[in-house]
Amino acid sequence: MTTLRFKPTARLLPPATKAGFTLVELLVVIAIIAVLLGLLLPAVQAAREAARRTSCQNNVRQIALGMTVFADARKRLPPGQMQSVVAAGYKSIAWCVFFLDFIEQKEIATTDAQVPGNADAVPAPDARFYLKAKLTSKYNQKATATVVPIYLCPSTSRTHSSRQGSRIIDINGNGVMEPTSFEGFACIDYAGNGGPVANNPRYRTPSGGQYPANAGVILPTSVKSMNEGVKLQAITDGMSKTMMLCEVTGRGVNGTGSSANGRGTWAAATNCIYVGNGANPSPPSIPMINPGNTATDVWQDYASTPLFSDHRGGVQVAMCDGSVHFVTENINESILTGLASREGGEAVSISSR
């Protein structure tokens, strides 16, 4: 018997197609990614600022610790301004020069060693700060140009036009860093507290009077000796209730030559401040902490100035006991001036804010 075999016929299949996104699907994915990035970036920026604020707090703590160790040894705080040599052309040097060896900056620490007669024109053999040479001499240029990291707030973004990053620029643009105009000097974003602005009706003592001059602890008045710093026993309001230093970030140099001041440099004495606004009477529209962009004149070059930082909402301050606190912009003025005064008898503390 013959068996019939049937050969299966081949079926025609449709051609294979590649899987992929349509244009609409691609645009949807891009939109979703954009939304996610928009949500993520503020969080990243906030985290970075939180880290910078913590770093700034650590800077203030280290400076305050160096100052308290210095004060414990000498029973007084360093003078805000001192002329080690009282003679023509010798500008005062700052409070933050005197305890460099207490903050691990021994290579630029002060020395009483003799200097040559031509110290204005020749560099020193090392980077130490020579007290018998002029602040603005070439002999001290290695020291004054040395950046001290803990003297700089990592959040600082708004700076005076004379400053770029951590140093003063070549202001006159002649290609030479001239120390007589503070060119090349390293900067500082913190200031010593000289007390509330004196004789200003806006700021009142508990008895209703105006504050006297030099009511703080790091005084913006030039003295001739280390023995003229404020004694610890003179801080009768209490060490934890008296501000020692604060943030005033971004300052630089105003003027040129002999008329220049180096408020934004760590070596120049003009970097300590009176707390408040120097105008008399000061308009209440200008706050005592973080004035806006339209009021930059009050923090760039005044001896009497509000506290200032690029942290959101406030500034870092250190008290005379070495504790560090973040003071918010909405602090009551009477509390802040009370904290700036060393012996006003104000019943305030940092917790009062």
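Tabulated data for the structure shown
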{"item": "The listed residue being among the β-branched types (Val, Ile, Thr) and touching a Pro at 6+ places or on another chain (Cβ under 8 Å), out of 86, 115, 122, 147", "result": "122"}
{"item": "Top-ranked residue of segment 161-188 - restricted to ones that are aliphatic (A, V, I, L, M) and in contact (Cβ under 8 Å) with a residue 24 or more places away in the chain, ranked as most open to solvent (accessible area, probe 1.4 Å)", "result": "177"}
{"item": "Residues satisfying the stated conditions in segment 239-279, i.e. among the charged types (D, E, K, R) and without any contact (Cβ under 8 Å) to a residue 60 or more places away in the chain", "result": "263"}
{"item": "Residues of segment 116-138 satisfying the condition of being among the aliphatic types (A, V, I, L, M) and surrounded by fewer than 16 Cβ atoms within 10 Å (Cβ to Cβ)", "result": "121, 122"}
{"item": "Test: residue in segment 142-155 that is over 18 Å from residue 263 (Cα atoms), open to solvent by 20 Å² or more (accessible area, probe 1.4 Å) and in contact with a helix residue (DSSP H, G or I) (Cβ under 7 Å, 6 or more places away or on another chain)", "result": "yes"}
{"item": "Flag for residue 195 being of a type outside the set (Asp, Glu) and crowded, with 21+ Cβ neighbours inside 10 Å", "result": "yes"}
{"item": "Test for residue 214: is it surrounded by fewer than 22 Cβ atoms within 10 Å (Cβ to Cβ) and within 10 Å of residue 274 (Cβ to Cβ)", "result": "yes"}
{"item": "Residue in segment 333-343 that is touching a Phe, Trp or Tyr at 6+ places or on another chain (Cβ under 6 Å) and at pLDDT 90 or above present", "result": "yes"}
{"item": "Within segment 306-353, considering residues that are out of contact with any Pro (no Cβ under 8 Å at 6 or more places or on another chain), surrounded by 16 or more Cβ atoms within 10 Å (Cβ to Cβ) and among the β-branched types (Val, Ile, Thr), the one nearest to residue 204 (Cα to Cα)", "result": "335"}
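Here's the yes/no breakdown for (1) part of a strand (DSSP E or B); (2) free of Cβ contacts under 8 Å to residues at least 60 places away in the same chain; (3) open to solvent by 50 Å² or more (accessible area, probe 1.4 Å):
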| residue | (1), (2), (3) |
| --- | --- |
| 67 | no, no, no |
| 73 | no, yes, yes |
| 79 | no, no, no |
| 86 | no, no, yes |
| 91 | no, no, yes |
| 96 | no, no, no |
| 104 | no, yes, yes |
| 107 | no, yes, yes |
| 114 | no, yes, yes |
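The values are calculated or read from the model by the stated rules, or taken from the named source; none is laboratory data. None of these values were measured; they are calculated from a predicted model. Positions of Cβ are backbone-derived with ideal geometry, glycine not excepted, and every protein chain shown enters the neighbour counts. Each accessible area value is taken on the protein alone, full model and side chains, heavy atoms only, with ligands, DNA and RNA left out. Shrake-Rupley method; radii C 1.70, N 1.55, O 1.52, S 1.80 Å.
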